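Chemist: What follows is a structure written as structure tokens; I'll ask about it next.
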Amino acid sequence: MMKWISLLSTLPLHVWGFTLFANVTLQFGHHEVPVYVVDEGNNACAHGNFTEDDLVGYVEEATRMWNSVSTSKLVLVPAGKVSGSSTDFTTGELCNWDASYPPSDCTNATKVPQVSGIYVACSTNANDNQNFPQTGTYSTSILAATTMNNLSGTNIVGSVVLMNTADSSVAIKDKSASEIIAIVAHELGHAVGLGHSEQTHSLMYEQSLGVRTALTVDDALGVSYLYPVKLDGCGLFGTIKRIDEENEPRNPTGFSFALILLGFLLVGLTKRSFLYLKNK
Amino acid sequence: MKLIVLVCLILLHLAALAEQTADYELNRGYFTFGSLTQFPGEYQIDTAGTKSSSFDFHPYFAGGLEYTLPEDWFITVEGGLTVPETTADEALTLYTLFLRSDFAYRVLGGRLKLLIGSSIMMMIMKGNGGTTTLGNAGSSTTFYRPELTQTTYNNTFDLGAEYRFNQEWGARAQLIAYSIFDSEKTQYSYTLSINYSWDLSQ
Ligand SMILES: [Zn+2]
């Protein structure tokens, strides 16, 4: 029995698994997550050869990629720009506040603020070993960085994405709009809990390679695993383990549908056994 | 809108149930073997941006019952399971379980059946756990493979057609539309299958 199952069970070579960001499953407690673009009025994106308004457009396109998965209920909602008089997002250090996950300490007095939802900002912080470190120094080749900087237990409350526009030689300045959209989408993947993929063409691959205009199967499986579409089965099919604490109205359709199916089967079987008895 | 359509669907089912006192009758049972192609053309499969092919072979087995209704109508109920598959890195075992109900209408003297109905598609992802070290911003980081079993439940809208070679054998194509009420998430899958049916009415 197992033999033929294994013969049939080879997925196409392009299907790989996904990874998660942490050793526990971290996920937003609500399936609609707003994504803001930070504009502190200091043209922080300028070294990247785009503007904050361009970034709003890139974020819109990037959210569309994640929102296309029918088996996931996650909806990233582009929420436009937030402006502020401080420059804490664009100059601050990206690190978590409660030292729970990931374990990184701030070395700088100015921390990127703790947020609710996802904030995307351009960073002008080129300090060594801070936002874009590579072997202890600042790297222009790192395109962006993301940290969940507000956690409540295993629920993500907020994540911050920083685009590396720290100086005039950053790698992102030569990227096309479609490549930047893919870079933003990759970071949004981290922001909602996904780690890197081993597949070179995956959106969650560690590098920005080739054309990335859609998710791959492993990206889609990842977001479906973290944010599965579910019906209220009232225990009929078992309950989903992780995200069931959230206080969202449930969809009763599945339950009614399952009951109807069950009804049909029962009626069918009962009638069948009556007929059988009658024929006897 | 969503609610109205769903309520209509449920009422139609109930109306059909009510018919049992008259012409509603269990008619035939059937066994199905086929392939489920999930979301053709939706996902990228290489760095050139090529999208997934229009046909992928994911075998499944199903069984069902067919009830007669007045005129040339039937109702079918069916349950099935795809053969479990494991990803190339063995991180995940995947299979799909489904329950489906269709209204079927017989045309061409019973040669062809047209089907309209709904399924609950359950995609089961069994994480096999473990870690992997992958590149991250010029160095490397430990990432975590999924270790829970997670299931997605989709209520789908289905359209299909079945050709009957004879009383026993038929071939069916069925389109499965996911998230039809949310255009951003709407996706399609389809099944191609053959079935063997036998008489249960006596
Ligand atoms: Zn990354």
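Chemist: Let me spell it out: the conditions are (1) surrounded by fewer than 24 Cβ atoms within 10 Å (Cβ to Cβ); (2) within 19 Å of A:Asn131 (Cα to Cα); (3) within 15 Å of the ligand (Cβ to nearest atom), and A:Asn164 meets all of them except one. Which number is the exception?
Modeler: (1)
Chemist: Only one residue in A:Ser123, A:Ser116, A:Ser104, A:Ser100 is modelled with pLDDT of 90 or more, under 24 Å from the mean Cα position of the chain (by Cα) and surrounded by fewer than 18 Cβ atoms within 10 Å (Cβ to Cβ), so which one is that?
Modeler: Working: A:Ser123 fails: surrounded by fewer than 18 Cβ atoms within 10 Å (Cβ to Cβ); A:Ser104 fails: modelled with pLDDT of 90 or more; A:Ser100 fails: modelled with pLDDT of 90 or more.
On inspection, the qualifying residue turns out to be A:Ser116.
Chemist: For A:Leu221, indicate whether it is away from the ligand (no atom under 14 Å from the Cβ) and surrounded by 24 or more Cβ atoms within 10 Å (Cβ to Cβ).
Modeler: Yes.
Chemist: Identify all residues within the range B:94-132 that are of a type in the set (Val, Ile, Thr) and over 16 Å from B:Leu36 (Cβ atoms); write none if there are none.
Modeler: Step one: of the range B:94-132, the residues of a type in the set (Val, Ile, Thr) are B:96, B:107, B:116, B:120, B:124, B:131-132.
Hits for the range B:94-132 are B:Val107, B:Ile116, B:Thr131, B:Thr132.
Chemist: Another question about this same structure. Counting just the residues of the range A:193-209 that are within 25 Å of A:Val56 (Cβ to Cβ) and part of a loop (DSSP other than H, G, I, E, B), which one comes out nearest to the other protein chains (Cβ to nearest Cβ)?
Modeler: Quick first cut of the range A:193-209, residues within 25 Å of A:Val56 (Cβ to Cβ) only: A:193-194, A:203-204, A:208.
Checking which are part of a loop (DSSP other than H, G, I, E, B) leaves us with A:193, A:203-204, A:208.
Working: A:Gly193: 10, A:Leu203: 8, A:Met204: 10, A:Ser208: 10 Å.
Here the answer is A:Leu203.
Chemist: Hey, does the range B:44-56 have a residue that's in contact with an Asp or Glu (Cβ under 9 Å, 6 or more places away or on another chain), touching a residue at least 12 places away in the same chain (Cβ under 8 Å) and over 30 Å from A:Ala144 (Cα atoms)?
Modeler: At the first step, the residues of the range B:44-56 found to be in contact with an Asp or Glu (Cβ under 9 Å, 6 or more places away or on another chain) are B:44, B:51-52.
Keeping just the survivors that are touching a residue at least 12 places away in the same chain (Cβ under 8 Å) gives B:52.
Filter once more, keeping what is over 30 Å from A:Ala144 (Cα atoms): none.
The answer is no; no qualifying residue exists.
Chemist: Scan A:Val217, A:Val170 and give me the residue that is at pLDDT below 95 and over 19 Å from the mean Cα position of the chain (by Cα).
Modeler: A:Val170
Chemist: Just for the range B:140-189: of the residues that are touching a Pro at 6+ places or on another chain (Cβ under 9 Å) and facing chain A (nearest Cβ under 7 Å), which one is farthest from the ligand (Cβ to nearest atom)?
Modeler: If we take residues in the range B:140-189 being touching a Pro at 6+ places or on another chain (Cβ under 9 Å) and facing chain A (nearest Cβ under 7 Å), then B:Tyr153 is farthest from the ligand (Cβ to nearest atom).
Chemist: Select, from A:Glu187, A:Glu206, A:Glu198, the only residue that is under 13 Å from the mean Cα position of the chain (by Cα), within 16 Å of the ligand (Cβ to nearest atom) and closer than 24 Å to B:Phe143 by Cα. Can you show your working first?
Modeler: Details: A:Glu206 fails: under 13 Å from the mean Cα position of the chain (by Cα); A:Glu198 fails: under 13 Å from the mean Cα position of the chain (by Cα).
Within the list A:Glu187, A:Glu206, A:Glu198, the selection yields A:Glu187.
Chemist: Still on this structure: What are the residues in the range A:21-40 that are at pLDDT 95 or above and of a type in the set (Gly, Ala, Ser), if any?
Modeler: The answer is none; no residue qualifies.
Chemist: Please find, within the range B:35-52, the residue that is modelled with the lowest pLDDT out of those that are surrounded by fewer than 22 Cβ atoms within 10 Å (Cβ to Cβ) and not in a loop (DSSP other than H, G, I, E, B).
Modeler: Step by step, filter the range B:35-52, then rank; the result is B:Lys51.
Chemist: Out of the range A:167-184, which residues are within 13 Å of the ligand (Cβ to nearest atom) and within 12 Å of chain B (Cβ to nearest Cβ)?
Modeler: Of all residues in the range A:167-184, those within 13 Å of the ligand (Cβ to nearest atom) come to A:182-184.
Answer for the range A:167-184, where residues must be within 13 Å of the ligand (Cβ to nearest atom) and within 12 Å of chain B (Cβ to nearest Cβ): just A:Ala182.
Chemist: Which one of A:Val59, A:Val37, A:Val77, A:Val82 is in contact (Cβ under 8 Å) with a residue 12 or more places away in the chain and closer than 30 Å to B:Leu148 by Cα?
Modeler: Working: A:Val59 fails: closer than 30 Å to B:Leu148 by Cα; A:Val37 fails: closer than 30 Å to B:Leu148 by Cα; A:Val82 fails: closer than 30 Å to B:Leu148 by Cα.
Step by step, each of A:Val59, A:Val37, A:Val77, A:Val82 is checked, and only A:Val77 is in contact (Cβ under 8 Å) with a residue 12 or more places away in the chain and closer than 30 Å to B:Leu148 by Cα.
The values are calculated or read from the model by the stated rules, or taken from the named source; none is laboratory data. Note that this is a predicted model, so its numbers are computed, not measured. All Cβ positions, even for glycine, are placed from backbone atoms using ideal geometry, and neighbour counts span all protein chains on display.
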